[in-house]
Amino acid sequence: MLTFEYFLQQLVTGLANGMLITLVAIGYTLVYGIVEIINFAHGDVFMLGAFSSVTTLQALGAQAVKRVANKDQSPIPETYLWLLIALVTSMVFCATLNVLIERLAYRRLRRGSRMAPLISAIGVSFILQNVGIYWKGVSPVNFPRYIPQIDLVKAMGIDSFVRVTTKDVFVLIVTVPLVIALTLFIQRTKLGKAMRATAQDRDAAQLMGIDTNRTIALTFLLGGALAGAAGLVSGLYNNTAGFQMGFSYGLNSFTAAVLGGIGNLNGAMLGGVFIGILAAMSDGYLDARWTPVVIFGTLNLVLIIRPSGILGQDLAERA
Amino acid sequence: MQTAPRMTPGRRAYVEVPADPQQTRNRILQAIAVAFIVAYPFLDLLFGWQALLAFIPMMLMITLALGLNIVVGYAGLLDLGYAAFYAIGAYAAAFFTSPNSPLARVLPGSPFAWMQDFWVAMIMAVLVSGFAGALLGAPTLRLRGDYLALVTLGFGEIVPRLIKNLEPWTKGVKGMNPIGRPYLFGCQFGVDPCEILGMKLKLGMIPYYYLTLVIGAISIFAIIRLRNSRLGRAWAAIRDDEIAAQGMGINPVTTKLWAFSLGASFSGATGAIFGAYLQTISPDQFEYSTSVIVLCMVILGGTGNIWGVMLGGLLIQSFDRIFAERLTGWIHKAGALTGDPTITAAFNSFDLLKSRLLVFGLCLVLIMNLRPQGILPNRKRRETALTDLPEEDLVPEESVLIAGADVPTEKPR
């Protein structure tokens, strides 16, 4: 088992998961970069995104379920349209939710001590988990299998133990453009500039005529949209969604954000991929039950040894 | 509830509050409350309330909240993994006393056989969890508030998982049972009938009630003494302004370390008793939600005020253990009364026990946004705050007031 191919296999899985973690981690890092609040509820927004995708997909495609029952693996053209609709709904839903959360639970606490918004965020996270329980129940729901699992390595005629499936590719196809679009948005557009200015110095930005409240809301909106996308993609990738996935995924992503240097966009990507691979390696070489211990151990070690993360500079320079 | 702050040397900043005319009345009310609490098990038997079994864990949780209040309320450190220390305490006691623990194979017959005694194990639990608190705190207490909170969260996640995974020692998810019982006058708690001075008594769980009460009372006394001690004042100083406190010669790391360690040791005692009371412990009793519920108790009542914490604990725990169930029952009955099958079904689907998380979450959000100081605010903080701004928690941390305008200053790193 302990061959190089096995290692490569874990690497592929880790990379796909890592990109999902990255999408969620960006939400943490954007928000922290701009208001220095750990949006603890972010993982649960992601979870609700997955739930909303299930609902949309189930509403759209009873046909697809039939096809799965018939073991029909060939892709159908409409599915891609449905997936797009589900993606957009989930992103809009999560973005709205995140903006609402900011407005109701954090805005009043922005100027206070650092604890107050964190405690409020924990409260929101509990509320969202309960919403999840009411929505889809306690036991995990099955995601419709929209993405066929075709081994591309074998399809290319190479006989290898390593499997790179269409699912892995699908994750990359959705996540990479989103991350690139976000980076461009922050670096090139006027609104992105406003975000960077607000992150650097909120009061000065306000004096320069930037509506900081709106900019902060925009940040939550972007983070939420990415979490929504991650919700759909992770559901399709893992074929399951449960109300507790927000907490575990959220902590993994948060660890990724901290590891890369919280507030730093590139750091979130680096950390996300690293944590994804670390988790896959731990799953593969240790045991899945040890993975959370490894991840939280990493989180604690990073926080103790280098709280600013790998790419984090001084805390004054962010985003 | 709280009496006027007593004068202690070195705390001259507070003016003695003149004798309150209400004070005598308060004293009488307090005496009645204490008498009620002490006599409760017999009243419970007499009137058949059947809430004793709910009261014991309730009081234990409140004691736990009092311990967390040292960390969160006095020293101002957010601890999201308090249940981990609770777990460490419970498992430490179980290790010494349970016949299933690996130590049970070594201890009997060895010169250390006396360690299997419950009271010794409880003291060990206190020491072990206090030590664990110091061990976690030592490298992490230099971190800023929110980062520290996440380290504790990570620790709180690691401990139950380690317990689950290290099966040979901890019995994994099955948990440890039975656990040694406390005893007094040769009489084991919770074992009936029990013979004291030649009388055969059927006490049920009553001894546990009094044990919890005594531990709670000792905790309250110890915490009040701690709060008024040099260390307690150092905690308050650090909480209110770390840099100023450092300037006054207080070592922030050791001071915080004491808060962490002492707070953890309270949970050790509670964990030992809780394990003995339930006779079984398993890792899922000590998960993140437990930490948050205890935190919720501290914050709801009034961070830093022990009476507030007790009130918050009482409210949350009585909801959790008594009212959630009964209210749900009443709602179901009300649904059945309407006679309409759809309404009955709709009412029956309503379950407050399922909404526990929702209630706690709402409680945290509302308290933080509407009344961050809690129901009963810390009196000392209120007094100092009068000269400052009304709500201390809302004062911008990074700015100073110059000529009426908020001017941001260089942030200390």
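Overview of results
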item	result
Among the residues listed as A:G132, A:G157, A:G137, the single one being loosely packed, with under 14 Cβ neighbours inside 10 Å and under 30 Å from B:G361 (Cβ atoms)	A:G137
Residues (of a type outside the set (A, V, I, L, M, F, W, C) and buried (at least 24 other Cβ atoms within 10 Å of the Cβ)) located in region B:51-85	B:T63, B:G67, B:N69, B:G73, B:Y74, B:D79, B:G81, B:Y82
Selection within region A:231-246 - crowded, with 21+ Cβ neighbours inside 10 Å and either among the hydrophobic types (A, V, I, L, M, F, W, C) or more than 12 Å from the chain's Cα centre (by Cα) (or both)	A:L232, A:V233, A:L236, A:Y237, A:A241, A:F243, A:M245
Unique residue being over 29 Å from B:W235 (Cα atoms), in contact with a helix residue (DSSP H, G or I) (Cβ under 7 Å, 6 or more places away or on another chain), of a type outside the set (S, T, N, Q) and in the same structural domain as B:V72 (by TED's automatic domain parsing) when the list is B:L357, B:L337, B:L315	B:L357
Segments classed as helices (runs of 4 or more DSSP H), wholly inside region A:119-222, with at least 3 members that are more than 30 Å from A:L81 (Cα to Cα) and either in contact with a strand residue (DSSP E or B) (Cβ under 6 Å, 6 or more places away or on another chain) or among the small types (G, A, S) (or both)	A:190-200, A:202-207
Region B:313-350, subset within 14 Å of another protein chain (Cβ to nearest Cβ), out of contact with any Lys or Arg (no Cβ under 9 Å at 6 or more places or on another chain) and at pLDDT below 80, residue nearest to B:L52 (Cα to Cα)	B:F350
Every residue from region B:141-170 that is within 22 Å of the chain's Cα centre (by Cα) and not in a helix (DSSP H, G or I)	B:L141
Odd one out for A:R289 among (1) surrounded by fewer than 24 Cβ atoms within 10 Å (Cβ to Cβ); (2) in a helix (DSSP H, G or I); (3) more than 14 Å from every other protein chain (Cβ to nearest Cβ)	(3)
Condition met for A:G231 (more than 14 Å from chain B (Cβ to nearest Cβ) and small (G, A, S))	yes
Among (1) modelled with pLDDT of 85 or more; (2) in a helix (DSSP H, G or I), the one test that B:V173 misses	(1)
Selected residue [within 12 Å of chain A (Cβ to nearest Cβ) and in contact with an Asp or Glu (Cβ under 8 Å, 6 or more places away or on another chain)] from B:L353, B:L366, B:L300, B:L357	B:L353
Residue satisfying condition, being in contact with a Gly (Cβ under 9 Å, 6 or more places away or on another chain), part of a helix (DSSP H, G or I) and surrounded by fewer than 20 Cβ atoms within 10 Å (Cβ to Cβ), within set A:M269, A:M281	A:M281
Subset of region B:269-285 (residues that are closer than 18 Å to B:I158 by Cβ, out of contact with any strand residue (DSSP E or B) (no Cβ under 6 Å at 6 or more places or on another chain) and not in a loop (DSSP other than H, G, I, E, B))	B:G271, B:P283, B:D284, B:Q285
Failed criterion for A:P177 (all others in (1) more than 14 Å from chain B (Cβ to nearest Cβ); (2) at positive phi hold)	(2)
Close pairs (6 angstrom Cβ cut-off, 6 or more residues apart or separate chains): on the phi > 0 side of the Ramachandran plot in region B:266-286, of a type in the set (A, V, I, L, M, F, W, C) anywhere	B:Q279/B:I179
Yes/no for B:A138 being within 14 Å of chain A (Cβ to nearest Cβ), assigned to a helix (DSSP H, G or I) and small (G, A, S)	yes
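Yes/no per residue for (1) part of a loop (DSSP other than H, G, I, E, B); (2) surrounded by 18 or more Cβ atoms within 10 Å (Cβ to Cβ):
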| position | (1), (2) |
| --- | --- |
| B:G329 | no, no |
| B:L337 | no, no |
| B:I343 | no, no |
| B:F347 | no, yes |
| B:F350 | yes, no |
| B:F360 | no, yes |
| B:C363 | no, yes |
| B:M368 | no, yes |
| B:Q373 | yes, yes |
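The values are calculated or read from the model by the stated rules, or taken from the named source; none is laboratory data. As the structure is a prediction and not an experimental result, all values here were calculated from the model. Don't worry about glycine lacking a Cβ; one is built from the backbone with ideal geometry, like all the others, and counts go over all protein chains shown.
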